[in-house]
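Peer 1: One structure, pasted below without further comment.
The values are calculated or read from the model by the stated rules, or taken from the named source; none is laboratory data. Note that the coordinates shown come from a computational prediction; the quantities given were computed from them, not determined experimentally. With ideal geometry, Cβ positions are generated from the backbone for all residues, glycine too; neighbour counts draw on all protein chains shown.
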Amino acid sequence: MKSSGLKYYTIAYLIFLYAPIILLPVFAFNDNKIIAFPLKCGMTKPFGAPFGHR
Amino acid sequence: MWKKAFQIATACAKLRSTKSMAGGQLTMSGGAAPARFSQTEAFKGLRLISPTLLYCLIVMAAPLLTVVLYAFMTDTVSETGQKIVAWPLTFENMVTVWTGKVYQTIMARSLMVSMLVTLATVLLAFPVAYYVSFYVPAHRKSLWLFLITIPFWTSYVVRVFLWKVILGYNGVINSGLLSTGIISEPLQAINYNVGALVMTLAHAYAPFAILPIFVVLEKIDRSLLEAGQDLGESRIMTFLRVTLPLSVPGIIAAVLIVFIPTVGDYVTPDLIGGGKLPMIANMIEVQMLKQNNRALGSAIAVSAMLIVAAVSIIFVLLNRRYLKGASR
């Protein structure tokens, strides 16, 4: 089918659209001063912050 | 338009009053003109729309008129030492804006960036809209449109900031490539430049390009494509000679919807450009809020509005051939 190329392009475009959104929850679990890889996993700290736990 | 609606309403009211007079119901002859006007349908119509009309005037026209008025006034310091916008109407600020090198450079950059963004957004969006319209089964189309719009449920600022996270000096791409050992130093070609600006804005305005093009593609009569191929055209030639010309109204809508707001975009140059690539909105912000030069800021805003309007009108006029065909 001729549409397969278009289909892959559309999926690639959707990945481009979702790229920042996918990173949002990933960096929610990051406990580093700067937003960068590798992640320093401190899951509890960022999630505690809104509730006053520091 | 208002005038026409008013005329029609008045004509209707006249017709009614002559009818009722003929029926002998209306005995009142003469009377004060204002009292008679308050009985007409035109008056009733105006009374009906007046709350919304007033709301529109206050919310939309008043700020715009204020900016236009400020653009021709001058910034001075009052007796109490506060910066105010003073009366004598002059072209001073407009001349400053139109002759100043800084303003010309920044306006040119804004136009260049938003033209590149428009080009990138529309070119990238067209195949997506085409795929969803022509190849996705009818019952799945709304699901695909839904998938396209989900990323835009978060705040615009959050999305722009996340692009900074991806493309920045310490960003995801750089730190990812560094940790895998592909590069030894962070790439600088992907951050704080026009390319990064264009990419972020092309992402932010994607649905505004996809949706109008999709709507137009949906309206194309599929039998025209069949006819094109029956008459011996190849698929590509059918696309170029039938689908593409018929989709031009949607492309024009997409271009205008993307181009007009991106010229005045403020957050992206600030975050992605790192303050090094100010666009016209950043300039307006500096003059209006930081320097408190509201007259000069308004002059920049009015000039930018005029330039954007001129570019948009020229673009539409260049393509009016296709728009005429669409309205028939």
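Peer 1: Does B:Trp153 satisfy the condition of being closer than 30 Å to A:Tyr8 by Cα, aromatic (Phe, Trp, Tyr) and at pLDDT below 90?
Peer 2: Spelling it out, B:Trp153 is indeed closer than 30 Å to A:Tyr8 by Cα, aromatic (Phe, Trp, Tyr) and at pLDDT below 90.
Peer 1: Would you point out which residue out of B:Thr74, B:Thr118 is touching a helix residue (DSSP H, G or I) at 6+ places or on another chain (Cβ under 9 Å), of a type in the set (Ser, Thr, Tyr) and under 29 Å from B:Thr268 (Cα atoms)?
Peer 2: B:Thr118
Peer 1: Does any residue of segment B:179-196 turn out to be surrounded by fewer than 22 Cβ atoms within 10 Å (Cβ to Cβ) and under 16 Å from the mean Cα position of the chain (by Cα)?
Peer 2: no
Peer 1: Further question on the same structure: In segment B:67-90, which residues are at pLDDT 85 or above and more than 11 Å from B:Val302 (Cβ to Cβ)?
Peer 2: Within segment B:67-90, B:Met73 is the sole residue that qualifies.
Peer 1: Can you name every residue in segment B:80-113 that is surrounded by fewer than 18 Cβ atoms within 10 Å (Cβ to Cβ) and among the basic types (Lys, Arg)?
Peer 2: Selection gives B:Lys83, B:Lys101.
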